[in-house]
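The values are calculated or read from the model by the stated rules, or taken from the named source; none is laboratory data. Quick caveat: nothing in here was measured; it's all calculated off a predicted structure. Cβ atoms come from the backbone with ideal geometry, glycine included; neighbour counts cover every protein chain shown.
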Amino acid sequence: MKLLSAAECRELDRLSREKYGVASYSLMTRAGEAVAAALVQRWPEARRDGVLVIAGKGNNGGDGMVAARALMVGQVPVRAILLASASALKGDAARAHAEFVKAGGAVVEVNGEAELDAALSARAGIMIDAIFGTGLNAEVKGLARRAIEAMNHAGAPILAVDIASGVNSDSGAVMGAAVRAAATVTFGFAKFGHVSYPGAELCGELEIAEIGFAPAAIEEIAPRGQLFDAAEARLYLRLRPRNSHKGNYGHVMVIAGSRGKPGAAILAARGALRMGAGLVTAAIPESIGAIVAAGQAELMTEPVADRDGHFDGQYARGVLAKLIEGKDALAVGPGIGQSDDTRALLEWLIVEGVAPRRPMLIDADGLNVVAQMGAAVLKRAAGPVVLTPHPGEAARLLGLSTAEVNADRIGAARRLNEMTGAAVLLKGARTVIADTNGGVYVNASGNPGMATPGMGDVLSGMVGALLAQRMAPLAALALGAFIHGYAADRLAARIGPVGYLAGDLADELPSARAALGA
């Protein structure tokens, strides 16, 4: 499912009107009629209980007025509240209001809280939220905020026009206050805010209505946003030829682990194996070599000299320089610690270990070490680098707070790939994947049961396996994230929503792939 930003929405509307001759009022008319049709289909009892439209003074309010007129024509009792004076309306919104009133519609103009409270005192079975659209970019205050809070407490289901009022269209963030809609009808394409939390929850069930945007305008915009779901995943998965062998499926080197954290190396390696890598080698500190070797029989291990339980930064370079030759991808960072030796080793790997045909994934402790060095060090990498931070790690890389990252996860992922030149996977509910060419995917799979240790380590190995099979970084991150969450969804359904482990998820990967058709 394609996703548009607010800027792309504005440009699509402008191009359709100005360049390709689509009348703006025809777009508004189709939008409002689609809202009315969706309401009647979803809530047939509206003919009995009545509908209340709460409209702002912009085009979103105009859509609401068209919906009100269409409902009235369809014999649905409807009335409207306008959070402004009619004289403040302009253009298509003014026309929509005038046509509703001319047809006999009742509109209460509200300019103060007392007037609003009085207008809302008469209950309705269904409410239509037409206060703000996708252009909202400031905190909701005053009369609009009072209206939103009253709607949420009214007890009637709410149908939002385009996006739940108060939800940021680009991030899904709440701009002070937001409508909690049971459903949303949006136009042409979904927006990032519809699928990003908390907006994904506040917008309710999403319906996309085609209203006649010019096809040429859509091609000109060429939107790069995507909700990555099972249908998308199937486009990247292929059945293996019967005459293939392990040399066809890449050799991953996992550089991970330290004293007390051998499990990170084991789980990353298991993720790569279960994702179908042809060969997996784990380079680990000598002090945990036996534990890692015993933890996964199918894994090749290469113990490397350590110092105080971590890689010996000076000695390890020479050993790793030989070991990484012939490898197809590197997965670096799970459990390696943050010592001075680790920092020296990681800087060397970034500058010399990565190569044009040997991509490197950096995760976990590796990301924290990069943050200490300064994320711009990744600009010196000779080949493709992918980063898989959780919000705290992303915050350290960006010099922000975790709350700031979570407030705009899509923006944070984009800023991080601009800063580093790396493709980025920002973990969390609705994982975000972004690359420097403008592509942004939002992952559709996963559930709260994944909030348990080691899940990120498994994902590191999975993505490493896909990179080793010559998959482009953006695609490898998106596919890895989806199958990771999809396997977790299968586990939650089969054994329970909480308590399954990272190792369980790794073992579920073959069945998850098979369920997707590969």
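Does segment 456-468 contain at least one residue that is of a type in the set (Asp, Glu) and closer than 20 Å to ALA231 by Cα? Lay out the reasoning, then the answer.
Narrowing segment 456-468 to residues of a type in the set (Asp, Glu): 457.
Filter once more, so that each one left must be closer than 20 Å to ALA231 by Cα: none.
So far as segment 456-468 goes, no, none of its residues is of a type in the set (Asp, Glu) and closer than 20 Å to ALA231 by Cα.
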Does segment 393-436 hold any residues that are β-branched (Val, Ile, Thr), over 18 Å from LEU3 (Cβ atoms) and crowded, with 19+ Cβ neighbours inside 10 Å, and which are they?
-> VAL405, THR420
Would you pick out the residues in segment 215-251 that are more than 27 Å from the chain's Cα centre (by Cα) and surrounded by 18 or more Cβ atoms within 10 Å (Cβ to Cβ)?
-> TYR249, GLY250, HIS251
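Within segment 337-370, take every residue that is among the β-branched types (Val, Ile, Thr) and not in a helix (DSSP H, G or I) and give me the one that is farthest from SER287 (Cα to Cα). It would help to see each step written out before you state the result.
Initial filter on segment 337-370 (among the β-branched types (Val, Ile, Thr)): 342, 350-351, 354, 362, 369-370.
Restricting the remaining residues to those that are not in a helix (DSSP H, G or I) gives 354, 362.
Details: VAL354: 26, ILE362: 22 Å.
Among residues in segment 337-370 that are among the β-branched types (Val, Ile, Thr) and not in a helix (DSSP H, G or I), the one farthest from SER287 (Cα to Cα) is VAL354.
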Report, by residue number, each residue of segment 338-366 that is modelled with pLDDT of 95 or more and either of a type in the set (Gly, Ala, Ser) or surrounded by fewer than 23 Cβ atoms within 10 Å (Cβ to Cβ) (or both).
-> ALA364, GLY366
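Can you name every residue in segment 252-280 that is in a loop (DSSP other than H, G, I, E, B) and surrounded by 24 or more Cβ atoms within 10 Å (Cβ to Cβ)? Steps first, please.
Start the filter on segment 252-280 by keeping residues that are in a loop (DSSP other than H, G, I, E, B), which leaves 256-261, 275-278.
Passing the criteria: ALA256, GLY257, SER258, MET275, ALA277.
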Cβ pairs under 6 Å, 6+ apart, first in segment 368-385 and farther than 19 Å from ARG358 by Cα, second part of a helix (DSSP H, G or I) | VAL369/THR342; VAL369/ARG343; VAL369/LEU346; ALA371/ARG396; ALA371/LEU397; ALA375/LEU397; ALA375/MET419; ALA375/THR420
Which one of these is small (Gly, Ala, Ser), in contact with a Gly (Cβ under 9 Å, 6 or more places away or on another chain) and at negative phi: GLY166, GLY176, GLY105, GLY125?
-> GLY125
Residues (in contact with a Gly (Cβ under 7 Å, 6 or more places away or on another chain) and surrounded by fewer than 14 Cβ atoms within 10 Å (Cβ to Cβ)) located in segment 11-47 | GLU45
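Residues are listed down the side, and each one gets a yes or a no for (1) under 30 Å from ILE433 (Cα atoms); (2) small (Gly, Ala, Ser):
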| residue | (1), (2) |
| --- | --- |
| GLU286 | no, no |
| GLY289 | no, yes |
| ILE362 | yes, no |
| ASN368 | yes, no |
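Could you check segment 1-72 for helices (runs of 4 or more DSSP H) lying wholly inside it with 3 or more residues that are within 30 Å of ARG234 (Cβ to Cβ)? Step through it out loud before you land on a result.
Details: elements: 6-14, 24-42, 46-49.
The qualifying helices (runs of 4 or more DSSP H) are 6-14, 24-42.
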Residue list for segment 58-82, filter: out of contact with any strand residue (DSSP E or B) (no Cβ under 7 Å at 6 or more places or on another chain) and either closer than 22 Å to PHE132 by Cβ or of a type in the set (Lys, Arg) (or both) | GLY58, ASN59, GLY62, VAL66, ARG69, ALA70
Residue count, segment 165-195, condition under 18 Å from the mean Cα position of the chain (by Cα) and in a loop (DSSP other than H, G, I, E, B), comes to 7
Filter segment 316-336 for residues that are among the small types (Gly, Ala, Ser), in a loop (DSSP other than H, G, I, E, B) and modelled with pLDDT of 95 or more; the one that is surrounded by the most Cβ atoms within 10 Å (Cβ to Cβ) is GLY333
What tally of residues in segment 378-392 results from selecting those that are assigned to a helix (DSSP H, G or I) and buried (at least 16 other Cβ atoms within 10 Å of the Cβ)?
-> 2
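Considering each residue of segment 104-133, count those that are in a loop (DSSP other than H, G, I, E, B), β-branched (Val, Ile, Thr) and touching a residue at least 60 places away in the same chain (Cβ under 8 Å), and give that number.
The first filter runs over segment 104-133 and keeps only residues in a loop (DSSP other than H, G, I, E, B), leaving 104-106, 110-112, 121-125, 131-133.
Filter again for β-branched (Val, Ile, Thr), leaving 110, 131.
With the extra rule that they be touching a residue at least 60 places away in the same chain (Cβ under 8 Å), the set shrinks to 131.
Residues meeting the conditions: 1.
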